[in-house]
Amino acid sequence: MIRIVVLISGGGSNLQSLLDQCQAGILDAQIGAVISNRPDAFGLSRARQAGVKALTLDHTDFTERAAFDRALAELVDAQQPDLIVLAGFMRILTDDFVKQFAGKMINIHPSLLPLYPGLNTHQRALDAGDSKAGATVHFVTAELDGGPAIARVEVDITDQDNAESLARKVLTQEHKLYPAVVDWFVKGRLSLNNNQALLDDSPLPKGGCVLDTAAL
Ligand code: NHR
Ligand code: GAR
């Protein structure tokens with residue numbers, strides 16, 4: 001069975017949706033370990049609750065970013081993962097780390113990429129007067145939130161929305177999007193070739209294919 005390592009920094013609700021789908025047998029994969037860079041991340045409790053190994057590598061114990069990344073790479077590699085899933089992981093990874101796991105590391109980002117890479121995405125979408133927001137799953141490359149997109153979900157922005165309400169709406173859809181994309185990987189349908197994401201050997205559109213989560 002495919003082994004997954006999930007990297008988190010916080011609440012871990014996306015992690016929970018993956019744990020639930022593995023538990024239910026919908027995802028034919030094993031989450032071998034969850035690693036957090038923050039010792040107080042609630043996601044670590046979710047992992048333990050599910051009987052999954054929960055590890056912490058505190059970035060504040062390191063004076064240099066590169067040293068933290070080397071230690072993280074060693075810890076991840078020791079789990080022998082087939083897939084590394086970033087789920088609310090908040091540390092930018094060095095080129096060396098990304099290269100080591102090229103083609104087998106994905107991230108979920110709370111915007112319709114290529115719009116709003118980086119942080120504070122929901123407020124930026126509101127400030128721009130956008131009518132739509134969403135989340136994108138992409139392969140992780142050295143370019144921050146710039147790796148080839150796989151799939152996205154979209155939500156409407158209403159006049160009533162603020163950054164919190166929008167974050168909640170998008171997060172609810174992320175919980176459907178991420179397991180669906182992980183399932184493609186688990187089934188061997190997803191690959192990265194020459195900086196292009198492929199599903200069943202066909203190139204995915206720029207920005208990723210739009211998933212209709214109502215149909216999931
Ligand atoms: N690393 C690489 N090389 N490429 C990507 O695409 C990455 C990555 C690491 C994380 C997630 C990303 C997101 O989905 C991600 C994608 C953290 C920051 C950030 O600025 C930006 C984007 C993402 C994650 N982090 C600060 C830093 O100095 C710390 C912020 C904090 O601790 O709160 O690392 O949004
Ligand atoms: C999610 O919205 C995810 O897309 C976002 O943080 C949230 C994590 O929620 N990720 C980033 O902003 C990465 N920089 P969770 O911990 O409950 O899964």
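The values are calculated or read from the model by the stated rules, or taken from the named source; none is laboratory data. Owing to the predicted nature of the structure, the values given are computational and were not obtained by experimental measurement. With ideal geometry, Cβ positions are generated from the backbone for all residues, glycine too; neighbour counts draw on all protein chains shown. We work out accessible area using only protein heavy atoms, side chains counted, and drop any ligands, DNA or RNA first. Shrake-Rupley method; radii C 1.70, N 1.55, O 1.52, S 1.80 Å.
Okay, here's what the table says:
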{"quantity": "Filter result for the condition that a residue is away from ligand 2 (no atom under 13 Å from the Cβ) and either within 18 Å of the chain's Cα centre (by Cα) or surrounded by fewer than 17 Cβ atoms within 10 Å (Cβ to Cβ) (or both), over K206, K169", "calculated": "K206"}
{"quantity": "Single unsatisfied condition, L115 versus (1) closer than 18 Å to K206 by Cα; (2) of a type in the set (A, V, I, L, M, F, W, C); (3) surrounded by 24 or more Cβ atoms within 10 Å (Cβ to Cβ); (4) over 14 Å from the mean Cα position of the chain (by Cα)", "calculated": "(3)"}
{"quantity": "Positions within segment 164-205 being under 22 Å from F101 (Cα atoms) and part of a loop (DSSP other than H, G, I, E, B), in sequence order", "calculated": "K187, G188, R189, N194, N195, D200, D201, L204"}
{"quantity": "When residues of segment 89-109 are limited to those that are of a type outside the set (A, V, I, L, M, F, W, C) and open to solvent by 40 Å² or more (accessible area, probe 1.4 Å), the one farthest from ligand 1 (Cβ to nearest atom)", "calculated": "K104"}
{"quantity": "Residue in segment 18-32 that is in a strand (DSSP E or B) and within 16 Å of ligand 2 (Cβ to nearest atom) present", "calculated": "yes"}
{"quantity": "Any hit, segment 173-182, residues being open to solvent by 40 Å² or more (accessible area, probe 1.4 Å) and at pLDDT 95 or above", "calculated": "yes"}
{"quantity": "Criterion (in a loop (DSSP other than H, G, I, E, B), touching a residue at least 40 places away in the same chain (Cβ under 8 Å), open to solvent by less than 50 Å² (accessible area, probe 1.4 Å) and within 15 Å of ligand 1 (Cβ to nearest atom)) met by exactly one of G43, G11", "calculated": "G11"}
{"quantity": "Enumeration of residues in segment 124-163 that are under 25 Å from D212 (Cβ atoms), open to solvent by 60 Å² or more (accessible area, probe 1.4 Å) and touching a residue at least 24 places away in the same chain (Cβ under 8 Å)", "calculated": "S131, K132, E154, D156"}
{"quantity": "In segment 79-120, the residues that are within 14 Å of ligand 2 (Cβ to nearest atom), closer than 15 Å to D69 by Cα and either assigned to a loop (DSSP other than H, G, I, E, B) or among the aromatic types (F, W, Y) (or both)", "calculated": "F89, M90, R91, I92, L93"}
